[in-house]
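Read the structure below first, then the notes.
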Amino acid sequence: MLATASSDVTARAVAFVAAHRDPAEALGASLAEDTNDPDVFARTLTRGFAELADPAYLAGQQRIAPGIGAVHGVRWPLLAAVSRGFRNATKGDRPTPLLFVADRLYRERELEARWFAFGLLERTLAAETERTWQLLRRAAREAGDWITVDSLAHPYGKGVLAEAYRWAELEQLAYSPSRWERRLVGSTIATIPFVDRRRGREPAVASHALPLLGSLMGDAEPDVQKALAWAYRGLTLVDPKATEVALRAETARAVAMADGHRAWVIRDTLAKLDTATAEELRTALTGIRKRPGAPSTSDAAETAARFGASPDPTTLPEPPL
């Protein structure tokens with residue numbers, strides 16, 4: 001019965017996307033006329049998203065991301081179709097106007113406009129680097145759900161790969177009081193091997209990423225823990241040996257401290273390790289579980305407590321572009 005119900009839901013989703021894919025691409029193409037008028041662009045996009053919304057998908061989003069805020073309920077393949085239509089219609093256009101469009105889209109009530117804007121910022125990174133990073137940082141500060149954070153990870157990852165010193169952007173987030181900014185560290189590292197399958201899998205990526213993940217291991221927030229495990233799994237594609245060494249070290253700390261936060265992340269990574277190593281670490285962690293209300297044990301949390309956490313990102317004023 002459950003299999004039949006699941007199959008029916010999937011069939012309905014596939015049919016919905018198929019029926020709306022062409023209108024979604026047409027919406028994206030039509031927006032090319034409005035890149036020099038951000039207000040008109042935003043209104044047209046928002047109306048179009050409302051027409052592409054699926055109430056069943058909206059209910060699903062609210063279920064898997066509690067507290068997500070206002071969304072239309074546009075399925076991801078249709079969001080991708082809108083972006084594709086716009087990208088194809090604006091090939092060769094100057095990227096600078098897109099920066100101001102993205103800034104305007106941030107002010108829309110529903111989050112789909114912001115997710116669309118992240119794709120625009122990927123296109124402005126090369127030509128308008130500093131102002132693009134200004135908007136990326138703003139999105140990180142304002143994020144309030146995991147879907148937004150994980151969508152933002154793609155332009156963050158692209159920016160980090162383009163300029164190695166941008167790893168410092170992630171280092172600062174490790175000390176943030178916002179769990180969403182801390183999650184972005186893991187999400188970005190997890191995404192980097194897929195942003196660019198050559199540069200994103202060079203050994204230098206693991207050299208930068210593993211110490212960052214280590215500083216967050218022991219974080220008490222489940223949203224952060226899930227991103228850390230995702231990132232470690234991704235790094236097995238980059239430098240499997242270094243990743244194994246790091247996880248062995250974290251296992252030793254988890255055992256010594258009976259640290260359930262660390263143990264959870266390691267267990268969620270084991271599927272990507274070789275069978276013998278995975279079984280060894282699993283056995284070592286036997287009986288170590290998360291305890292309700294247990295505080296963070298991460299090095300980043302300890303440093304923030306000693307020297308003071310970074311300012312609450314929601315209280316910082318927004319500089320003009």
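Rounded to two decimals, the Cα-based Rg/Rh of the range 121-179, with Kirkwood Rh, is 0.94.
Considering only the Cα atoms of the range 163-321, their convex hull presents on average a projected area of 10.3 nm². Across the range 98-251 the C-alpha pair distances fall into 5 Å bins from zero in the proportions 2, 10, 21, 22, 20, 14, 7, 3, 1, 0 percent.
Could you order peptides 83-92, 141-150 by the average number of other Cβ atoms within 10 Å of their residues, highest first?
Packing proxy ranking, top to bottom: 141-150, 83-92.
Peptides 102-115, 151-164 ranked from most to least packed give 151-164, 102-115, packing being the mean of other C-beta atoms within 10 angstrom over each peptide's residues.
Computed over protein heavy atoms with a 1.4 Å probe, the carbon and sulfur contribution to the accessible area of the chain reaches 56%. Heavy-atom accessible surface of the range 200-275, averaged per residue, reaches 38 Å², computed with a 1.4 Å probe. The ratio of the alpha-carbon radius of gyration of the chain to the globular-protein estimate 2.2 N^0.38 Å is 1.06.
Legend: P(r) of the range 1-132 from all alpha carbon pair distances, 10 Å bins from 0, whole percents, reading 12, 41, 30, 13, 3, 0. For the range 147-221, the Stokes-Einstein estimate of translational diffusion at 20 °C and a viscosity of 1.002 mPa s comes to 176 µm²/s, using the Kirkwood hydrodynamic radius over alpha-carbon pairs.
Only helices reaching 27 angstrom along their own axis (Cα) with mean Kyte-Doolittle hydropathy no lower than 0.0 count here, and for the DSSP H runs of the chain these are 2-30. The stretch between Val245 and Arg306, if pulled fully straight at 0.36 nm per residue, gains 19.1 nm over its current Cα-Cα span. Straight-line cross-link partners of Lys272 among the lysines, defined as a Cα under 27 Å from its Cα and at least 8 positions apart when in the same chain: Lys158, Lys226, Lys241, Lys290.
Stokes-Einstein, applied to the Kirkwood radius of the range 215-258 over Cα pairs at a viscosity of 1.306 mPa s and 10 °C, places its translational diffusion at 143 µm² s⁻¹.
Gyration tensor over the Cα atoms of the range 228-290: the corresponding equivalent ellipsoid has semi-axes (square roots of 5 times the eigenvalues, largest first) of 18, 11, 10 Å.
What the range 2-96 shows is 54 Å² of accessible area per residue, with the surface traced by a 1.4 Å probe over protein heavy atoms. Using C-alpha pairs below 8 Å separated by at least 6 residues, the relative contact order for the chain is 13 percent.
The value of relative contact order for the range 79-177, using C-alpha pairs under 8 Å at least six residues apart, is 22 percent. Using the scaling law 2.2 N^0.38 Å as the reference, what is the normalised Cα Rg of the range 62-144? The reported ratio for this selection is 1.13.
The values are calculated or read from the model by the stated rules, or taken from the named source; none is laboratory data. Remember, predicted model here, so these are calculated numbers, not experimental data. Quick reminder, even Gly has a Cβ in these numbers, built from the backbone with ideal geometry, and neighbours come from all protein chains shown. These area figures cover heavy atoms from the full protein model, side chains too; ligands, DNA and RNA do not enter into them. Shrake-Rupley method; radii C 1.70, N 1.55, O 1.52, S 1.80 Å.
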